[in-house]
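Asks: Handing you this structure, nothing more for now.
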Amino acid sequence: MHHFVFISEQNDFPVPADPERARIGLERWLSTAESTADERLGKVSRAAFDNPSVNRFLSGVFGNSPYLARLAARQPETLLEILENGPDAAFEAIIADIGHYRTQPEKSDGPGRFLRIVKNKVALITALADISGAWNLTSVTAALSRFAEAALSLATAHLLRRAAADGTVELACEDDPERDSGLIVLGLGKLGGRELNYSSDVDLIVLFDAGRIRTRDQDALQSRMARLARGLVRLMEERTADGYVFRMDLRLRPDPSSMPPAISVRAAETYYESL
């Protein structure tokens with residue numbers, strides 16, 4: 001019998017509110033896994049389906065959450081990784097994937113679809129770890145916050161590379177665009193406290209240090225940094241067929257009704273000193 005690390009030590013499983021929905025969710029997940037070209041995925045997924053403890057746990061998840069049932073059916077390999085190796089290993093693999101993507105040459109379509117796919121994986125990992133009791137509340141919010149930080153870092157690096165490509169800025173470090181870039185992205189609210197939950201907006205203030213940014217057109221820097229900030233919001237919250245990454249909120253910046261979405265450090269200092 002195949003051994004599933006994630007379930008072997010868990011005893012308190014949720015009861016499906018809708019047994020028929022649970023049955024359909026299980027069958028769709030298994031059908032997707034067995035229809036892929038990966039023979040091992042299909043074989044081990046069948047073993048998971050036939051395992052009474054795994055079946056009972058997934059029935060409780062799918063019978064209460066159509067959203068998680070859809071995620072599992074769309075990415076059976078992620079569910080299997082959780083079952084075989086546990087949520088910690090599955091989550092760390094995603095963080096490593098984001099870090100690897102960040103170091104790669106720019107792709108023509110950017111990281112938008114990649115970030116949405118890994119967001120769905122993180123949602124499934126976190127939810128199953130939460131529901132099963134494998135992670136406590138602190139672990140859940142820390143994981144969501146850590147993913148948000150990694151996603152924002154990747155998105156910011158992409159936008160800086162694109163700004164360098166069109167001549168807006170000159171990167172101090174091409175391998176690490178954020179380093180010494182003069183761009184400052186501050187996480188506030190729940191992200192700043194590493195307390196993001198499933199439905200949290202990401203509260204940010206985007207600042208830039210004009211004295212540190214390498215640019216040939218200093219006069220246009222304000223408008224170009226504002227455009228970069230708007231691009232960051234769009235990259236993270238635009239809804240596509242793969243969903244969205246996070247909803248963004250820049251309204252905690254100084255005087256949001258009149259200030260642009262990216263503010264110079266000097267303007268922010270003046271605002272805070274005067275108020």
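The values are calculated or read from the model by the stated rules, or taken from the named source; none is laboratory data. The shown structure was predicted, so the numbers you read here are calculated from the model rather than taken from an experiment. All Cβ positions, glycine included, derive from the backbone under ideal geometry; neighbour counts span all protein chains shown. Quick note on the areas: whole protein, heavy atoms, side chains included, nothing else; ligands and nucleic acids left out. Shrake-Rupley method; radii C 1.70, N 1.55, O 1.52, S 1.80 Å.
Asks: What are the extents of the Cα atoms of the stretch 33-79 along their three principal axes, listed from largest to smallest and rounded to whole Å?
Replies: Cα extents, longest axis first: 30, 22, 14 Å.
Asks: Using DSSP to define loop residues, name the GluC sites (Glu not before Pro) in the stretch 15-79 whose beta-carbon has at most 16 other beta-carbon atoms within 10 Å. Before the final figure, lay out each step's value.
Replies: Numbers: sites: E20, E27, E34, E39, E77; in loops: none.
Passing sites in the stretch 15-79 do not exist.
Asks: Enumerate the amide H contacts of V202 below 5 Å, restricted to partners 5 or more residues apart or on another chain; note that Pro and chain-start residues carry no placed amide H.
Replies: Under 5 Å from the amide H of V202 lie the amide H atoms of R247, M248, D249, each far enough along the sequence or on another chain.
Asks: Just to confirm the number: angle between the C-alpha axis of helix 265-274 and the first principal axis of the chain, 0 to 90 degrees, nearest 10?
Replies: Computed tilt is about 80 degrees.
Asks: Just to confirm the number: angle between the C-alpha axis of helix 19-35 and the first principal axis of the chain, 0 to 90 degrees, nearest 10?
Replies: With rounding to tens, the tilt is 80 degrees.
Asks: Right, here's the next one. Dividing the convex hull volume of the Cα atoms of the stretch 213-275 by its residue count, what figure in Å³ per residue is obtained?
Replies: In the stretch 213-275, the Cα hull volume divided by residue count equals 108 Å³.
Asks: Shifting gears a bit: What dipole magnitude, in Debye to the nearest 20, does the chain give about its Cα centre under +1 on Lys/Arg Cβ and -1 on Asp/Glu Cβ?
Replies: With Lys and Arg at +1 and Asp and Glu at -1, about 580 debye.
Asks: In vacuum, with every alpha carbon of the stretch 96-163 counted as one equal point scatterer, what does the Debye formula give for log10 I(q)/I(0) at q = 0.12, 0.25, 0.29 Å⁻¹? Two decimals, please.
Replies: Relative scattering, expressed as log10 I(q)/I(0), comes to -0.36, -1.07, -1.30.
Asks: Same structure again: Using alpha-carbon positions, what is the distance between the centroids of the stretch 38-97 and the stretch 221-275, in Å?
Replies: 37
Asks: Separation between the A142 and D176 pseudo-spin-labels, each 7 Å from Cα along Cα→Cβ, expressed in nm?
Replies: Each label point is offset 7 Å from its Cα along the Cβ direction, giving 2.4 nm.
Asks: Further question: Between R247 and E269, what is the spin-label point distance in nm, taking each point 7 Å from the Cα along the Cα→C-beta axis?
Replies: Modelled inter-label distance: 3.6 nm.
Asks: Also: Please compute the length gained on full extension between M259 and R214, using 0.36 nm multiplied by the number of residues separating them and subtracting their Cα-Cα distance.
Replies: Full extension from M259 to R214 adds 13.9 nm.
Asks: Relative to the longest principal axis of the chain, what angle (0 to 90°, nearest 10) does the C-alpha long axis of helix 112-132 take?
Replies: 50
Asks: Taking only protein heavy atoms and a 1.4 Å probe, what accessible area per residue, in Å², does the stretch 1-133 have with all protein chains in place?
Replies: In whole numbers, the stretch 1-133 has 49 Å² accessible per residue.
Asks: Antiparallel as a % of all DSSP beta bridges within the chain, to the nearest 5?
Replies: 60
Asks: Report the semi-axes of the equivalent ellipsoid for the chain in whole Å, largest first, where each axis is √(5λ) for an eigenvalue λ of the Cα gyration tensor.
Replies: Ellipsoid half-lengths, sorted descending, are 42, 20, 15 Å.
Asks: Let me check the size of the stretch 155-218 from its C-alpha atoms; what are the radius of gyration and Dmax in Å?
Replies: Considering the stretch 155-218 through its Cα atoms, Rg and Dmax are 14.0, 42 Å.
Asks: How many nm separate the modelled label positions at R23 and E237, each set 7 Å beyond the Cα in the direction of the Cβ?
Replies: 4.3
Asks: What's the ranking of 126-132, 266-272 by average number of surrounding C-beta atoms within 10 Å, highest first?
Replies: Descending packing order for the listed peptides: 126-132, 266-272.
Asks: I'm checking a number: the convex hull volume of the Cα atoms of the stretch 44-152, normalised per residue, in Å³. What is it?
Replies: 105
Asks: Shape verdict for the stretch 1-100, please, from the Cα gyration tensor: rounded (a/c under 1.5), prolate (a/b greater than b/c) or oblate.
Replies: Rounded, since a/c falls under 1.5.
Asks: Tell me the per residue accessible area of the stretch 147-275 using a 1.4 Å probe; a whole number in Å² is fine.
Replies: Value for the stretch 147-275: 52 Å² per residue.
Asks: Amide H neighbours of I263 under 5 Å, at least 5 residues apart or on other chains, H built in the peptide plane: list them.
Replies: Hits under the 5 Å cutoff: V206, L207, F208.
Asks: Roughly how many percent of the accessible protein surface of the stretch 78-132 is carbon and sulfur, given a 1.4 Å probe and a whole-percent answer?
Replies: Carbon and sulfur: 51 percent of the exposed surface of the stretch 78-132.
Asks: Given 0.36 nm per residue, what is the gain on full extension from K107 to S31 after removing their alpha carbon distance, in nm?
Replies: Length gained, K107 through S31: 24.1 nm.
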